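Engineer: Could you have a look at this structure, given as structure tokens, before my questions?
The values are calculated or read from the model by the stated rules, or taken from the named source; none is laboratory data. These figures come from a predicted structure and were not determined experimentally. Counting neighbours? That spans all protein chains shown, and the Cβs are built from the backbone with ideal geometry, glycine included.
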């Protein structure tokens, strides 16, 4: 039985709680938050009685096997370091750390102590992403991807999040090097890191502020981002983050030398695009029919998963946590390779260095390459 603790009892902690409770052979044994009331309130909702306001005290009193850290990113490094030194495996919410240097240091510490870590990239483990990986493993693309695109949108209408952030320069989101972008884009960047080499030879990032954010008094906060990348092997990548695109566009495109795959998170769909030539007017009829068949297949697949209780809110988080716990129990590799976690952090470092002029970009690309 794995004994689990959660540090940081805000909104995201409830999602972790529900996901963990779906997994057999584990038990949440303690909660910790600087505001003890927050921990106690979550404990009352979930039936956990051991609540603390000090991490060191909790680690000494409970000695959990695994700690989930769901605090603001600025505290991730110090809290995770403390947990690792105490002998606990660590699930670290996104973004993994504030900088790539911190990410590398934590992973090195975990490996030195024979402990495991993972990043909260739960959208990498949704049903549609698992299906995509099966297709890639079966060589559907026809070889190594030649181009990948990740599109990620966010709705500024959620004033519960945006309002406090815009209302105070001291808000923790405003204190991140990438501000609003820093707290959101790691989901989308991680999808690209899976298919890119560590040796990134080119990153070109541009960002601006949307009229909507400007009307809300966005000041220096940027919410529209476009990034072009290329690795040493020649694979190109494009990332788009937007608060303006409607309806929300949250998908991944993977182009191979023979076929391509589109993963659409908004409706849990995987669309296979085959390179099939049709003569004459068949070009106007057959491809749309094949596309309709793909979408019908997705609807049937999703309905079957729903009936089988595999499709539910945050199923990706449950899958990621379950895979992480299994890697600990079987001493297997972590569900997200450390290479991808570090590469995601390095790419983000470079993006923020380019788009915010108050940070010097010198040396950033060298860190990405080595």
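Engineer: Say we look at region 219-241 and pick out the residues that are part of a loop (DSSP other than H, G, I, E, B) and within 15 Å of residue 182 (Cβ to Cβ); which of these is nearest to the chain's Cα centre (by Cα)?
Structural biologist: 223
Engineer: Still on this structure, please answer the following. Would you list the strands (runs of 3 or more DSSP E) that sit entirely within region 59-154 and hold 2 or more residues that are without any contact (Cβ under 8 Å) to a residue 40 or more places away in the chain and within 20 Å of residue 332 (Cβ to Cβ)?
Structural biologist: 89-92
Engineer: Which residue is nearest to residue 310 (Cα to Cα), if the candidates are limited to region 29-38 and must be out of contact with any helix residue (DSSP H, G or I) (no Cβ under 6 Å at 6 or more places or on another chain) and not in a loop (DSSP other than H, G, I, E, B)?
Structural biologist: Going through the qualifying residues, I end up with 38.
Engineer: Could you tell me which numbered condition residue 20 fails, if it satisfies all but one of (1) over 29 Å from residue 184 (Cα atoms); (2) under 21 Å from the mean Cα position of the chain (by Cα)?
Structural biologist: (1)
Engineer: Of the residues 244, 214, which single one is assigned by TED's automatic domain parsing to the domain that holds residue 183 and assigned to a loop (DSSP other than H, G, I, E, B)?
Structural biologist: That would be 244, the only listed residue that is assigned by TED's automatic domain parsing to the domain that holds residue 183 and assigned to a loop (DSSP other than H, G, I, E, B).
Engineer: Name the single residue that is nearest to the chain's Cα centre (by Cα) among those in region 39-50 being outside any helix (DSSP H, G or I) and more than 16 Å from residue 66 (Cα to Cα).
Structural biologist: Result: 47.
Engineer: Same structure again: Return yes when residue 245 is surrounded by 12 or more Cβ atoms within 10 Å (Cβ to Cβ), out of contact with any helix residue (DSSP H, G or I) (no Cβ under 7 Å at 6 or more places or on another chain), without any contact (Cβ under 8 Å) to a residue 24 or more places away in the chain and within 30 Å of residue 212 (Cβ to Cβ) and no when it is not. Break it down into steps so the answer makes sense when it comes.
Structural biologist: Numbers: surrounded by 12 or more Cβ atoms within 10 Å (Cβ to Cβ): yes; out of contact with any helix residue (DSSP H, G or I) (no Cβ under 7 Å at 6 or more places or on another chain): yes; without any contact (Cβ under 8 Å) to a residue 24 or more places away in the chain: no; within 30 Å of residue 212 (Cβ to Cβ): yes.
Criteria not met by residue 245.
Engineer: Does residue 258 count as over 18 Å from the mean Cα position of the chain (by Cα) and surrounded by 13 or more Cβ atoms within 10 Å (Cβ to Cβ)? Lay out the reasoning, then the answer.
Structural biologist: Details: over 18 Å from the mean Cα position of the chain (by Cα): yes; surrounded by 13 or more Cβ atoms within 10 Å (Cβ to Cβ): no.
No, not satisfied.
Engineer: Scan region 155-173 and give yes if some residue there is out of contact with any strand residue (DSSP E or B) (no Cβ under 8 Å at 6 or more places or on another chain), closer than 20 Å to residue 208 by Cα and crowded, with 21+ Cβ neighbours inside 10 Å, otherwise no.
Structural biologist: Yes, region 155-173 contains at least one residue that is out of contact with any strand residue (DSSP E or B) (no Cβ under 8 Å at 6 or more places or on another chain), closer than 20 Å to residue 208 by Cα and crowded, with 21+ Cβ neighbours inside 10 Å.
Engineer: If you scan region 245-255, which residues turn out to be over 20 Å from residue 196 (Cβ atoms) and over 20 Å from the mean Cα position of the chain (by Cα)?
Structural biologist: Answer for region 245-255, where residues must be over 20 Å from residue 196 (Cβ atoms) and over 20 Å from the mean Cα position of the chain (by Cα): 245, 246, 247.
Engineer: Further question: Only one of (1) surrounded by fewer than 20 Cβ atoms within 10 Å (Cβ to Cβ); (2) touching a strand residue (DSSP E or B) at 6+ places or on another chain (Cβ under 9 Å); (3) under 30 Å from residue 309 (Cβ atoms) fails for residue 18. Which number is that?
Structural biologist: Looking at each condition in turn, residue 18 falls short on (2).
Engineer: For residue 231, all conditions in the list (1) modelled with pLDDT of 95 or more; (2) in contact with a helix residue (DSSP H, G or I) (Cβ under 9 Å, 6 or more places away or on another chain); (3) surrounded by 20 or more Cβ atoms within 10 Å (Cβ to Cβ) hold save one; what is the number of the exception?
Structural biologist: The number of the failed condition is (2).
Engineer: In region 275-331, what residues are touching a helix residue (DSSP H, G or I) at 6+ places or on another chain (Cβ under 6 Å) and without any contact (Cβ under 8 Å) to a residue 60 or more places away in the chain?
Structural biologist: Passing the criteria: only 278.
Engineer: How many of the residues making up region 190-211 are within 27 Å of residue 125 (Cα to Cα) and part of a loop (DSSP other than H, G, I, E, B)?
Structural biologist: 6
Engineer: Can you tell me how many residues in region 41-60 are loosely packed, with under 12 Cβ neighbours inside 10 Å, at pLDDT 95 or above and touching a strand residue (DSSP E or B) at 6+ places or on another chain (Cβ under 9 Å)?
Structural biologist: Selection size over region 41-60: 1.
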